[in-house]
Structures are given as structure tokens and as C-alpha cells.
1. Which residue, of 87, 165, is in contact with a Gly (Cβ under 8 Å, 6 or more places away or on another chain), surrounded by 17 or more Cβ atoms within 10 Å (Cβ to Cβ) and not assigned by TED's automatic domain parsing to the domain that holds residue 9?
2. Limited to the range 324-353, what total is found for residues that are over 22 Å from residue 45 (Cα atoms), buried (at least 18 other Cβ atoms within 10 Å of the Cβ) and not aliphatic (A, V, I, L, M)?
3. Identify the residue in the range 356-385 that is of a type in the set (Lys, Arg) and assigned to a helix (DSSP H, G or I) and, among all such residues, is farthest from residue 221 (Cα to Cα).
4. For the range 200-227, enumerate the residues that are surrounded by fewer than 21 Cβ atoms within 10 Å (Cβ to Cβ), not in a strand (DSSP E or B) and not β-branched (Val, Ile, Thr).
5. Which of the residues belonging to the range 39-70 are in a loop (DSSP other than H, G, I, E, B), more than 26 Å from the chain's Cα centre (by Cα) and within 18 Å of residue 22 (Cα to Cα)?
6. Residues to consider are 291, 254, 275; find the one that is in contact with a Lys or Arg (Cβ under 7 Å, 6 or more places away or on another chain) and either aliphatic (A, V, I, L, M) or not assigned by TED's automatic domain parsing to the domain that holds residue 161 (or both).
7. Give me a count of the residues in the range 127-155 that are assigned to a helix (DSSP H, G or I), farther than 24 Å from residue 204 by Cβ and not small (Gly, Ala, Ser).
8. What is the number of the single condition among (1) without any contact (Cβ under 8 Å) to a residue 12 or more places away in the chain; (2) of a type in the set (Lys, Arg); (3) touching a helix residue (DSSP H, G or I) at 6+ places or on another chain (Cβ under 9 Å) that residue 65 does not meet?
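The values are calculated or read from the model by the stated rules, or taken from the named source; none is laboratory data. The structure displayed is predicted, hence computed values, not measured ones. For neighbour counting, all protein chains shown are included, and Cβ atoms are generated from backbone atoms with ideal geometry for every residue, glycine included.
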Amino acid sequence: MANEERSVGIVMNGVTGRMGYRQHLVRSILAIREQGGVRLPDGTILRPEPILVGRNENKLAAIAKEHGLDRWTTDLGEALSTAGAEIYFDAQVTSHRVESISAAIEAGLHVYTEKPIAEDTEAALRLGRLARDAGVKAGVVQDKLFLPGLRKLKRLVDGGFFGRILSVRGEFGYWVFEGDWQEAQRPSWNYRAEDGGGITIDMFCHWRYVLEEIFAPVRSVQALAATHIPRRVDERGDTYDCTADDAAYGIFELDGGIVAQINSSWATRVFRDELVEFHVDGTEGSAVAGLRRCRVQHRTMTPKPVWNPDLPAGEDFRSQWQEVPDNDEFDNGFKVQWELFLRHVAAGEPFPWDFLAGARGVQLAELGLRSAEEGRRIPVSELSL
């Protein structure tokens with residue numbers, strides 16, 4: 001007997017943007033459809049049916065035609081009232097998110113959204129309360145937890161490899177072209193604070209869940225935010241003033257005395273193996289984890305370097321580290337979390353990354369910006385809905 005199938009309509013807002021289109025529509029929802037759907041515990045096959053929403057009619061029509069989709073609109077209200085629509089997904093600019101998510105909740109749809117879920121902590125908490133009171137399920141994208149390199153790092157932590165963890169040093173970023181002699185890789189709104197831009201609000205939301213899910217809760221933040229490139233050229237070729245930060249340098253104190261230092265920058269040229277890397281030191285061993293790779297050095301294999309600036313370095317330090325094996329198959333991280341959220345909605349399976357988790361990310365970003373403005377270390381308090 002064939003497994004029963006049922007469809008779930010997903011209103012996808014912001015699919016004309018880079019992340020909404022590439023990671024969420026193509027590599028997640030369409031990839032899930034191509035694999036035959038998501039199997040639920042009772043054997044039912046859940047098949048996602050996207051309903052595309054955006055502001056640019058021509059772009060929406062082109063995307064729909066390219067992928068054989070027939071449901072799209074520039075009217076969010078129309079999309080939310082579409083027959084069979086059960087889930088609303090938001091990948092818009094941050095400044096439009098709260099209003100759209102609120103409308104989706106009021107329409108009775110479950111909500112899955114990119115981060116940050118709001119521009120400030122109180123607005124994020126209001127969304128959480130709204131979802132709770134409406135009885136709808138809500139989730140926030142926490143994609144970096146599903147990166148192969150960080151999953152290997154989490155395996156090391158859970159296995160006690162590090163002994164007592166001392167510190168975490170993170171480097172993230174790359175050079176985003178100014179838009180004059182080469183086209184910028186990121187939309188111009190990222191560099192305008194009035195449109196919800198800024199690397200602190202973008203990346204500190206990530207660092208909150210990475211630090212807390214892999215290592216320990218964050219108890220304080222001290223940050224310096226900078227706008228290194230003051231003027232850029234937008235998509236129309238017009239020069240504009242950058243009002244948001246393009247680099248953030250943060251120090252985070254975690255439970256257990258762990259100190260985390262993470263640099264985030266859109267104004268740095270990459271001299272490392274991957275666009276993001278975390279170097280973790282512990283009493284028993286160290287690791288360096290990126291998007292895909294993770295390498296370790298145990299205390300029994302640690303060499304004894306001697307500082308001597310008068311001679312050239314005689315050791316190949318990178319060769320003294322060992323590669324952590326995959327020991328698993330790693331699917332696209334966005335797709336994996338989409339499958340978890342679909343099972344959460346359709347079968348009630350656990351999904352811990354709710355709007356409260358999203359609010360914690362916004363809180364850390366907000367406190368980071370406040371720390372930068374006031375030039376001081378700021379404690380991170382507990383949040384609740």
C-alpha cells in the first residue's frame with residue numbers, strides 16, 4: 001500500500017533576495033519536493049507547495065516560470081488567505097519583518113523566519129507572545145548549527161575532547177566590494193541602519209546560538225562596532241552614505257569562565273581556509289572548525305614551540321593537526337532545518353529554535369551595539385515571554 005501524501009502550502013516572502021531564493025526556495029523547499037517530500041512518523045509523505053511573495057512582479061514571474069511554479073503574488077494578504085496555506089516564511093529585509101509576521105500569525109499560519117526576527121528585543125518578544133497566544137508554531141533559522149564543521153565541533157565538546165574549555169576565537173567575513181568598480185555581493189540595505197542593516201544585528205544573532213548551543217550561555221558582551229567603508233554605491237549606481245556598521249569586534253564571557261572573541265567584518269580580505277573559523281582551546285586539546293572542516297590537536301600531540309625571532313620558522317604548524325572524520329552524511333543545513341520545522345508543524349516533533357531563541361539573538365546584538373556606543377562591558381540577562 002502506497003504511503004498517504006498530503007501537501008502543505010508555504011507562503012514564501014522575500015524569495016527574490018539572495019538568501020530567500022538560493023538557500024530557502026531552491027536548496028531547501030524545491031530540493032525537498034525533488035526528493036519526494038518529508039516522511040512523517042506515521043508514514044505520511046508531506047509535500048511542500050510554495051506560494052511566492054515579493055515586491056517585484058517581474059522577478060517573481062521569472063522565478064516561478066524557471067521552476068514550474070504557478071502560485072505567486074505581490075499581495076501578502078492574498079497569499080496568506082490562499083487555500084491550503086499553513087506556513088508563512090519570511091526572508092525580507094529586517095525592517096519589514098515584524099509587520100508581515102504579525103499579519104501571518106493573525107491569519108492563523110505557523111511562522112518560520114530568517115533572523116534577526118526584529119530590530120529590537122522588545123519587538124521580538126512581542127512576536128513571541130503573539131505566536132504563543134495565537135497557538136501557532138514559530139521557528140527561527142539557526143543554520144550554522146547544521147554546518148558540517150560545527151557539527152563535528154559539537155561532537156568534540158559532547159565527547160569531552162577539550163577537557164576544560166578555556167577560550168573560543170572566531171573569525172568571520174570577507175571583502176564586500178563597494179559597488180563602484182565591481183558590483184557588491186550584498187544588497188545596499190545592509191549598510192543602512194534605517195533599513196535594519198549592520199553586521200552586528202546580522203551576525204551577533206548567529207553568535208548567540210552558536211556559543212550557547214555548542215559551548216555555554218553568554219553572560220556578558222563587550223563590543224566595538226565600526227563603519228570602515230563610509231560610502232558605497234547601490235544597485236542603481238548611486239553613491240550613498242553608510243549609516244550601519246560593517247565590522248564588529250566582540251568579547252563574550254560564557255559560563256564556566258570561557259572567553260569568546262569573535263570578529264565579524266565585511267571589510268576584510270580572507271587569509272584562512274574558510275569564510276568562518278572557530279579556534280577552541282581547552283586543557284586537553286584544541287580544535288579549528290570552519291564551514292565543513294574540523295581539525296584537532298590533542299595535548300599528547302602538542303609540540304613545544306620556542307619563541308626565537310632571530311631565525312625563520314622551522315615548523316609547519318598546520319601539518320601538526322589531525323582532520324576530524326565526517327562519520328556522517330551532511331545535507332544542506334538550511335534544508336535540514338526546514339525538514340525539522342515541517343515535522344514540527346505536521347507531527348508535533350520538537351523544535352527548540354522558537355521566537356524566544358530568536359529574541360535572545362536580537363538581545364545580544366542590541367547589547368553589543370549599546371556596548372560599542374557606551375564603551376563598556378554589559379551583562380546579558382535572561383529573557384522570557
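1. Criteria check complete, one pass: 165.
2. The total comes to 1.
3. By that ranking, first place goes to 360.
4. Result: 212, 213, 216, 217.
5. Selection gives 68, 69.
6. Only one candidate passes the filter, namely 254.
7. 3
8. Of the numbered conditions (1) without any contact (Cβ under 8 Å) to a residue 12 or more places away in the chain; (2) of a type in the set (Lys, Arg); (3) touching a helix residue (DSSP H, G or I) at 6+ places or on another chain (Cβ under 9 Å), the odd one out for residue 65 is (3).
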